1. Of everything in the range 229-250, what is surrounded by 18 or more Cβ atoms within 10 Å (Cβ to Cβ), part of a loop (DSSP other than H, G, I, E, B) and aliphatic (A, V, I, L, M)? Give them in sequence order.
2. If I ask for residues that are touching a Pro at 6+ places or on another chain (Cβ under 8 Å) and surrounded by fewer than 23 Cβ atoms within 10 Å (Cβ to Cβ), which ones from the range 572-619 would you list?
3. Right, residue 190: surrounded by fewer than 21 Cβ atoms within 10 Å (Cβ to Cβ), under 29 Å from residue 592 (Cα atoms) and without any contact (Cβ under 8 Å) to a residue 40 or more places away in the chain or not?
4. With buried (at least 24 other Cβ atoms within 10 Å of the Cβ), among the polar types (S, T, N, Q) and under 17 Å from residue 402 (Cβ atoms) as the only criterion, which of 199, 156 stands out?
5. I'm trying to understand the selection: among the residues of the range 387-405, which are more than 20 Å from residue 242 (Cβ to Cβ), acidic (Asp, Glu) and modelled with pLDDT of 90 or more?
6. Tell me, which residue of the range 500-541 that is surrounded by fewer than 18 Cβ atoms within 10 Å (Cβ to Cβ) and of a type in the set (A, V, I, L, M) is nearest to residue 556 (Cα to Cα)?
7. For residues that are among the small types (Gly, Ala, Ser) and crowded, with 16+ Cβ neighbours inside 10 Å, scanning just the range 409-444, find the one that is nearest to residue 474 (Cα to Cα).
Amino acid sequence: MSAGDFKFSDDELKEYKTVFDSFDADGNGNVDANELTAVLKNLKMYQSAKQVADLLAEVDKDKNGTVEFNELLDMIMNIKKGGSGGGFAKVYSKQKELIQVKGASGLHSFSEEEMAAFSEHLTNCLTGDADVKHLLPIEEKGLDLCVKVKDGLLLSKFINIAVKDTIDPRALNLRKGGKEIGNFQMSENQTLCISAAKSIGVQTVNLGPSEMMDGAKYPHIVLGLVWQLVKIQLLDSINLKNHPELIRLLEEGEELSDLLKLPPDQLLLRWVNYHLKNAGHPKRIKNFGGDIKDSEAYTVLLNQLSPGKCDKSALSTSDMGTRAGKVIQNAKNLEVKTFIKPRDIIAGNPRLNLAFAAAIFNQCPGLDPLTQEELDKAGLMEDDFGDSREERAFRMWINSLNIDGVYVNSLYDDCQDGLVLLKVMDKVQPGIVVWKNVEKNPNNKFKKVSNCNYVVVLGRSLKFSLVGIGGSDIAVGNKKLLLALVWQLMRFHTLKFLAEVQSKKFGGKEVTDDMIVEWANNRVKSASRTTKMTSFKDPSLASGIFFMDLLFAIESRIVNWDFVTPGDNKENQLLNAKYAISVARKLGATIFLLPEDIVEVKPKMIMTFVASIMSIDKK
């Protein structure tokens with residue numbers, strides 16, 4: 001297509017049309033004054049109705065009061081020929097900073113600033129890793145990050161920085177002799193990467209190896225995954241287990257349980273306000289967007305953390321860019337590793353400001369350590385942190401279900417009102433919940449217990465063993481009883497899914513533990529391997545050898561036997577367990593157990609592991 005005598009390529013036309021569509025809110029093929037006003041306000045560029053009229057007039061050649069796509073192309077053609085596009089061209093350029101991408105589910109957008117920031121962050125985190133040296137540095141401009149995730153190595157390595165030892169590097173397909181790996185090996189890496197991300201709580205809707213291998217076409221998907229990983233990395237240690245001194249953030253009338261309920265981002269907000277209060281400053285923030293963009297809170301916070309290294313000179317200027325620049329310099333004085341730019345603070349970008357605040361906290365929380373007397377008085381026990389392996393596995397499983405509006409930070413606290421459990425039940429058994437019977441705003445004890453009673457009723461209808469479990473037990477956070485209930489939910493979902501994907505094998509029959517054990521033994525035997533399991537409690541499973549044989553039976557190329565140890569001591573068993581989990585994920589299995597669960601032969605977790613492997617068996 002051409003505008004006048006100037007020809008545009010198909011790719012250029014797609015780009016221009018995508019940005020034009022972001023102006024054209026009602027999709028009628030033109031941009032009117034109301035639509036341009038909305039864009040200007042979103043870009044913080046709106047001044048007056050006259051400004052809108054003048055901008056439209058610059059491009060509106062047929063004088064009909066709107067801008068059509070061909071008129072936009074005429075403007076772009078004029079710019080390419082060395083002319084000026086006027087003020088409308090500046091608006092177009094600014095809007096393009098939110099690159100628009102048309103996907104299967106509609107129009108998506110992402111911020112170029114975030115793409116640049118995360119590119120810089122991943123470069124800094126992975127510099128020195130020889131396995132990804134060929135991918136670094138990641139260019140901050142454009143879609144270089146989306147291109148460089150192609151072979152699966154970049155994000156697999158970053159996942160291990162976010163949560164240590166999530167992926168066993170031995171399971172990755174690496175470059176050899178500087179030669180790029182093939183598409184099949186890239187796909188295996190991507191499958192492992194996505195499965196591992198899911199296991200640490202990343203939501204992976206519409207995400208598969210093909211999207212990641214062709215990331216430049218799906219930048220909004222790539223950026224969504226990267227942001228979740230960055231958030232996990234920066235916020236993972238912001239909890240009372242790693243920082244018991246966060247107890248100091250308790251407010252009047254609160255109990256320890258109130259603090260334990262708060263997710264990391266809410267703890268960060270409270271932490272900032274705690275220091276603002278101690279500095280005698282009147283400002284308080286409610287978010288990391290608009291409330292933070294004047295740099296005032298940052299300036300006071302950093303000065304409170306380190307008066308000698310961070311001054312308050314930023315407050316003496318009204319220029320927002322200068323203020324933000326001074327804030328970032330103060331953070332660098334504290335040796336905070338940050339990738340935020342002054343423009344990101346001024347724009348109130350909530351993601352980048354949350355990441356910045358987390359980086360400050362991780363470098364210098366500024367909270368006095370608790371005395372032993374204070375620890376004893378608070379009654380802060382290891383059990384309070386909800387970090388048992390079972391709790392973690394069940395929490396990650398719930399998050400992997402991608403239920404709208406559900407993300408569990410603490411299984412014990414987030415399930416007390418019954419709503420999360422009811423949503424999970426409706427997900428694993430659609431239609432089981434009659435929502436008119438549910439208290440959708442359980443803002444008092446009686447409503448919470450009512451919902452929890454309904455959970456128990458539905459659990460019994462699913463034939464769960466709930467002897468001695470009442471709604472009040474869930475509402476008060478009885479950990480043992482809640483774990484028993486959620487385990488049965490997870491088991492029900494696992495076996496139901498298994499029956500569906502292996503329908504030919506089971507012929508619609510209900511799948512039992514014995515059937516899974518029998519399948520596993522037959523599968524291993526079919527590959528001429530000699531190991532065998534008697535049950536999910538079989539002590540011999542600790543070695544990890546049976547799982548290697550099982551994975552080999554499903555795909556003979558997937559196991560590198562050079563990495564498999566005899567499994568004759570705890571160290572070797574742990575090595576085998578780590579490798580087996582990553583190999584299973586490489587095949588596409590969704591797994592939530594940890595290597596220690598295999599070594600200690602935890603039967604519940606072993607059952608989910610074998611069932612997950614069974615679900616990916618195509619034969």
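The values are calculated or read from the model by the stated rules, or taken from the named source; none is laboratory data. Keep in mind that this is a model prediction, so the values were computed, not measured. Positions of Cβ are backbone-derived with ideal geometry, glycine not excepted, and every protein chain shown enters the neighbour counts.
1. Across the range 229-250, the qualifying residues are 238, 240.
2. 572, 574, 601
3. no
4. 199
5. The answer is 390, and nothing else.
6. Only one residue tops the list, namely 527.
7. 418
Results for (1) surrounded by 13 or more Cβ atoms within 10 Å (Cβ to Cβ); (2) touching a Leu at 6+ places or on another chain (Cβ under 9 Å); (3) closer than 17 Å to residue 15 by Cα, shown as yes or no for each residue.
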residue: 32; (1), (2), (3): yes, yes, no
residue: 45; (1), (2), (3): yes, no, no
residue: 48; (1), (2), (3): no, no, no
residue: 55; (1), (2), (3): yes, yes, no
residue: 61; (1), (2), (3): yes, no, no
